[in-house]
Amino acid sequence: SYFLIGIPHINIQGATAGTVVCYAVAAVLNFINLVKRIGMKMNVKDVLVKPIISVAGMSVIVWIVSEWARNMNKSNTVVAFSSILAGILGYFALLLLTGALQQEDMDYLPGGKKVGKMMRRLGIWK
């Protein structure tokens, strides 16, 4: 971030890029450590491809909703909240559609057991 922010044409956007790179490096190092220490097997499709597809789809949804709200001359607050809500719902739906989010994953989330139970009642999971 320090070096990127100092480049005039990148400026404050360098903070975002630096943060993303920082967390990406930390995640890769954690995966390497898990593989070496406990012999964890990683399915690249499940761990990387499906979440990346979900993130890409969520980005498109957020962009569409924000453009729609701007074109309707909504305030910045309405644009932000509607985009955030659409992003949350869209990402969750895409995780389910791609199979990146499994029933047993919900148990690790706060309140996940209740959500999982509700999803079973709705027929989303068996």
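Brief remarks on what is shown
- Normalised contact order of the chain, rounded percent, pairs of Cα under 8 Å and 6 or more residues apart: 16
- Among the trypsin sites (Lys or Arg not before Pro) in the stretch 4-112, those placed in a DSSP loop whose Cβ has at most 11 other Cβ atoms within 10 Å are 41.
- Calculated on alpha-carbon atoms, Rg and Dmax of the stretch 51-126 in Å: 14.8, 43
- Reduced Cα scattering model of the stretch 1-99, Debye log10 I(q)/I(0), q = 0.10, 0.19, 0.24 Å⁻¹: -0.45, -1.05, -1.08
- At the residue level, residue 72 shows approximately 100 square angstrom of accessible surface with a 1.4 angstrom probe and all protein chains present.
- A Cβ-based charge dipole, computed about the Cα centre of the chain with Lys and Arg at +1 and Asp and Glu at -1, lands at about 460 debye.
The values are calculated or read from the model by the stated rules, or taken from the named source; none is laboratory data. All of these numbers come straight from a predicted model, not from anything done at the bench. Cβ coordinates were reconstructed from backbone atoms using ideal geometry, including for glycine residues, and neighbour counts include every protein chain displayed. Surface areas here come from the heavy atoms of the whole protein model, side chains and all, with no ligands, DNA or RNA. Shrake-Rupley method; radii C 1.70, N 1.55, O 1.52, S 1.80 Å.
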